[in-house]
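Chemist: This is the structure I want to talk about, given as structure tokens.
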Amino acid sequence: MAESTSGSDSQVGTVRVKRGLADMLRGGVIMDVVTPAEAKIAEDAGAVAVMALERVPADIRRDGGVARMSDPAMVEGIQEAVTIPVMAKARIGHFAEAQILESLGVDYVDESEVLTPADEAHHIDKWAFTVPFVCGATNLGEALRRISEGACMIRSKGEAGTGNIVEAVRHLRSILGDIRKITQADQAELFDWAKQLQAPLGLVQEIAETGCLPVPMFCAGGIATPADASLVMQLGAEAVFVGSGIFKSEDPAPRAKAIVEATTHFQDPTMVAKASRGLGDAMPGLEIGELETKLAERGW
Amino acid sequence: MAPIVGVLALQGASREHTAALEKLGATVHQVRLPQDLVGLDAIVIPGGESTTISMLLESSETFEPLAELLNQGLPALGTCAGMILLAKEVLDGRPDQKSFAQIGIAVRRNAFGRQIASFETDLKIQNLDQPFPGVFIRAPGADILEPSVEVLASLKLDSGEETPVFCRQKNVLVTSFHPELTDDLRLHQFFLEHL
């Protein structure tokens with residue numbers, strides 16, 4: 001037998017273990033679920049994680065009212081139903097909801113614009129938590145502000161609950177386009193980039209050096225088909241979140257599996273075509289210009 | 001000739017393994033489909049979600065041909081989810097979860113708990129002078145089933161029990177932790193040296 005360490009020097013909640021879980025989810029699909037039964041369908045279809053929330057974005061949009069953290073009993077039911085990681089959404093700035101979710105042992109907290117914001121100026125101080133956080137972003141400045149607050153995963157916001165991919169594409173292109181420009185900037189220009197982005201200079205300098213965000217970047221908001229997943233993965237997303245796109249479609253289970261397949265084989269059109277066959281109707285889509293509320297505008 | 005190492009890239013942290021192996025001079029092939037398995041000297045199964053990877057192995061029709069290569073003695077390194085996929089027995093898994101059964105251990109998924117219990121600790125590894133940075137993320141634990149399985153590192157739990165976290169049987173290496181998330185290349189080096 002080898003000698004062992006005592007384990008007494010072990011540390012929980014380090015940046016490496018927080019970002020590390022996000023790394024393990026790369027190339028996968030994280031699915032919104034509101035009940036344990038939906039969570040089971042998601043796991044059966046090959047989801048890498050599920051996201052517990054009170055109502056899917058399409059229903060929040062339709063019914064209105066204040067959207068909040070899911071009932072702890074529901075979160076626990078979902079944790080019991082599946083073996084894959086369970087994430088849950090808290091309102092922007094609502095650190096008490098995040099504390100509750102941490103105490104339930106959820107694996108990631110999503111400080112999400114899909115729920116009704118609780119604070120109009122401040123996001124949660126995510127460094128104060130052992131549980132890691134994912135946050136949405138529409139542009140690079142927003143992404144870097146969230147990272148400076150302690151987010152360990154960024155997802156482009158898109159426009160949740162619309163089944164329309166156009167906003168997700170806009171946000172991905174904006175974030176990744178600016179990263180590409182920063183890698184071409186000289187030292188003096190980086191100061192101006194930090195000012196323009198309203199983001200910490202240190203993070204801008206890090207991007208100039210590495211050419212990527214310091215945390216994994218996933219895509220959310222409007223993914224409804226296998227082709228949508230392939231599109232955003234080819235644009236540079238590292239994994240996808242699917243909200244209403246699965247459980248608001250005609251036949252959720254095969255669609256969920258098909259989006260998983262397309263996310264893995266995103267570079268192979270033959271495989272994406274195979275996954276796309278005969279799935280029935282996708283969720284009904286919405287035109288962005290006709291929306292009363294744009295969820296992506298929440299967050300500061 | 002540089003060895004050709006396949007990194008299973010269906011889902012999970014294949015990029016970090018690729019970077020580590022390339023730094024050590026190996027040629028890396030990403031494996032997603034059966035045709036990607038041609039000409040490999042070794043295979044790495046990375047961390048990720050083992051249930052997802054297991055399903056994707058089936059749907060891509062890669063499971064059977066890879067299993068055949070492993071049965072013929074293809075050297076393998078499995079980290080975290082990779083350890084689960086190489087184990088003879090999977091406890092607490094899904095009933096339909098498949099494994100390659102290449103190393104005589106039984107693994108328990110998430111043996112150390114949920115993400116809030118994920119941790120880093122320095123590990124004493126057999127034949128390495130300096131401690132190795134152990135990064136454990138929703139990590140699996142192992143029970144040894146066969147005496148020929150060598151334990152290269154283990155960890156003492158709060159209960160006082162010791163659990164193996166790095167094992168070898170012939171040319172199959174498995175770790176509960178993630179060497180690919182650190183800058184320390186010694187474990188990948190050890191793998192390449194023993195091909």
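The values are calculated or read from the model by the stated rules, or taken from the named source; none is laboratory data. No experiment lies behind these values; they were computed from the predicted model shown. Using ideal geometry, Cβ is built from the backbone for each residue, glycine included, and neighbour counts are taken over all protein chains shown. Please note that ligands, DNA and RNA were not included when accessible areas were found on the heavy atoms of the full protein model with its side chains. Shrake-Rupley method; radii C 1.70, N 1.55, O 1.52, S 1.80 Å.
Chemist: Report those helices (runs of 4 or more DSSP H) wholly inside region A:224-300 carrying at least 2 residues which are within 14 Å of another protein chain (Cβ to nearest Cβ) and open to solvent by 40 Å² or more (accessible area, probe 1.4 Å).
Modeler: A:252-264, A:269-276
Chemist: Kindly establish whether B:Arg108 is within 28 Å of B:Met55 (Cα to Cα) and in contact (Cβ under 8 Å) with a residue 24 or more places away in the chain. Working first, answer last.
Modeler: On the way: within 28 Å of B:Met55 (Cα to Cα): yes; in contact (Cβ under 8 Å) with a residue 24 or more places away in the chain: yes.
In short, yes.
Chemist: Output yes when any residue across region B:152-169 is at positive phi and at pLDDT 95 or above, and no when none is.
Modeler: Within region B:152-169, not a single residue is at positive phi and at pLDDT 95 or above.
Chemist: In region A:26-33, is there at least one residue being crowded, with 24+ Cβ neighbours inside 10 Å, in a helix (DSSP H, G or I) and out of contact with any strand residue (DSSP E or B) (no Cβ under 6 Å at 6 or more places or on another chain)?
Modeler: No, region A:26-33 has no match at all.
Chemist: On to the next question. Looking for something within 22 Å of the chain's Cα centre (by Cα) and surrounded by fewer than 23 Cβ atoms within 10 Å (Cβ to Cβ) - is there at least one such residue anywhere in region A:183-194? Can you show your working first?
Modeler: Here is the first cut: in region A:183-194, the residues within 22 Å of the chain's Cα centre (by Cα) are none.
There is no residue in region A:183-194 that is within 22 Å of the chain's Cα centre (by Cα) and surrounded by fewer than 23 Cβ atoms within 10 Å (Cβ to Cβ).
Chemist: Still on this structure, please answer the following. Which condition does A:Thr35 not pass, out of (1) within 30 Å of B:Lys98 (Cβ to Cβ); (2) among the hydroxyl-bearing types (Ser, Thr, Tyr); (3) within 11 Å of chain B (Cβ to nearest Cβ), if it passes all the others?
Modeler: It is condition (3) that A:Thr35 fails.
Chemist: Are any of the residues in region B:64-76 within 14 Å of chain A (Cβ to nearest Cβ) and out of contact with any Asp or Glu (no Cβ under 7 Å at 6 or more places or on another chain)?
Modeler: No, region B:64-76 contains no residue that is within 14 Å of chain A (Cβ to nearest Cβ) and out of contact with any Asp or Glu (no Cβ under 7 Å at 6 or more places or on another chain).
Chemist: Are there helices (runs of 4 or more DSSP H) fully within region B:1-99 with at least 3 residues that are open to solvent by less than 30 Å² (accessible area, probe 1.4 Å) and farther than 25 Å from B:Leu185 by Cα? List them.
Modeler: It comes to B:50-59, B:63-71.
Chemist: Let me ask something else about it. Residues being touching a residue at least 40 places away in the same chain (Cβ under 8 Å), under 23 Å from A:Ala58 (Cβ atoms) and of a type outside the set (Val, Ile, Thr): count how many of those fall in region A:148-196.
Modeler: So the answer is 13.
Chemist: Within region B:168-195, restricting attention to residues that are over 14 Å from B:Ala42 (Cβ atoms) and in a loop (DSSP other than H, G, I, E, B), which residue is most open to solvent (accessible area, probe 1.4 Å)?
Modeler: Taking the candidates together, the pick is B:Asp183.
Chemist: Going through region B:41-60 one residue at a time, which ones are within 11 Å of another protein chain (Cβ to nearest Cβ) and either of a type outside the set (S, T, N, Q) or over 16 Å from the mean Cα position of the chain (by Cα) (or both)?
Modeler: Kept after step one, since they are within 11 Å of another protein chain (Cβ to nearest Cβ), are these residues of region B:41-60: B:46-60.
Residues satisfying the conditions are B:Pro46, B:Gly47, B:Gly48, B:Glu49, B:Ile53, B:Met55, B:Leu56, B:Leu57, B:Glu58, B:Ser59, B:Ser60.
Chemist: Shifting gears a bit: Within the bounds of region A:92-109, is there any residue that is among the charged types (D, E, K, R), part of a strand (DSSP E or B) and buried (at least 20 other Cβ atoms within 10 Å of the Cβ)?
Modeler: Looking through region A:92-109, none of the residues is among the charged types (D, E, K, R), part of a strand (DSSP E or B) and buried (at least 20 other Cβ atoms within 10 Å of the Cβ).
Chemist: Looking only at region A:260-300, filter to residues that are closer than 30 Å to A:Arg145 by Cβ and among the β-branched types (Val, Ile, Thr); which one of those is nearest to the chain's Cα centre (by Cα)?
Modeler: A:Thr263
Chemist: Something else about it: Only residues that are within 8 Å of chain A (Cβ to nearest Cβ) and within 16 Å of B:Gln126 (Cβ to Cβ): list them for region B:152-165, please.
Modeler: Listed by number, the residues that qualify are B:Leu152, B:Ala153, B:Ser154, B:Leu155, B:Lys156, B:Glu162.
Chemist: If A:Val169 meets every condition in (1) open to solvent by 20 Å² or more (accessible area, probe 1.4 Å); (2) over 15 Å from the mean Cα position of the chain (by Cα) apart from one, which number is that one?
Modeler: Among (1) open to solvent by 20 Å² or more (accessible area, probe 1.4 Å); (2) over 15 Å from the mean Cα position of the chain (by Cα), the lone unmet condition for A:Val169 is (2).
Chemist: Okay, moving on. Restricting to region A:38-91, and then to whatever is assigned to a loop (DSSP other than H, G, I, E, B) and among the polar types (S, T, N, Q), can you tell me which residue is most open to solvent (accessible area, probe 1.4 Å)?
Modeler: Among residues in region A:38-91 that are assigned to a loop (DSSP other than H, G, I, E, B) and among the polar types (S, T, N, Q), the one most open to solvent (accessible area, probe 1.4 Å) is A:Thr83.
Chemist: Which of the residues belonging to region B:118-150 are part of a strand (DSSP E or B), within 7 Å of chain A (Cβ to nearest Cβ) and open to solvent by 10 Å² or more (accessible area, probe 1.4 Å)?
Modeler: Scanning region B:118-150 gives B:Phe119, B:Glu120, B:Asp122.
Chemist: Further, regarding this structure: Search region B:78-112 for residues being facing chain A (nearest Cβ under 8 Å) and modelled with pLDDT under 95, and hand back the single one that is farthest from B:His178 (Cα to Cα).
Modeler: Step by step, filter region B:78-112, then rank; the result is B:Arg94.
Chemist: Quick one: which residue in A:Ala88, A:Ala42, A:Ala81, A:Ala52 is within 13 Å of chain B (Cβ to nearest Cβ), among the small types (Gly, Ala, Ser) and under 20 Å from A:Gly136 (Cα atoms)?
Modeler: The unique qualifying residue is A:Ala88.
Chemist: With among the polar types (S, T, N, Q), in contact with an Asp or Glu (Cβ under 6 Å, 6 or more places away or on another chain) and closer than 30 Å to B:Lys156 by Cβ as the only criterion, which of A:Thr14, A:Thr83 stands out?
Modeler: After ruling out the rest, the residue left standing is A:Thr14.
Chemist: Output the residues belonging to region B:125-172 that are within 19 Å of B:Leu21 (Cβ to Cβ) and in contact with a His (Cβ under 8 Å, 6 or more places away or on another chain).
Modeler: Answer for region B:125-172, where residues must be within 19 Å of B:Leu21 (Cβ to Cβ) and in contact with a His (Cβ under 8 Å, 6 or more places away or on another chain): B:Val135, B:Asn171.
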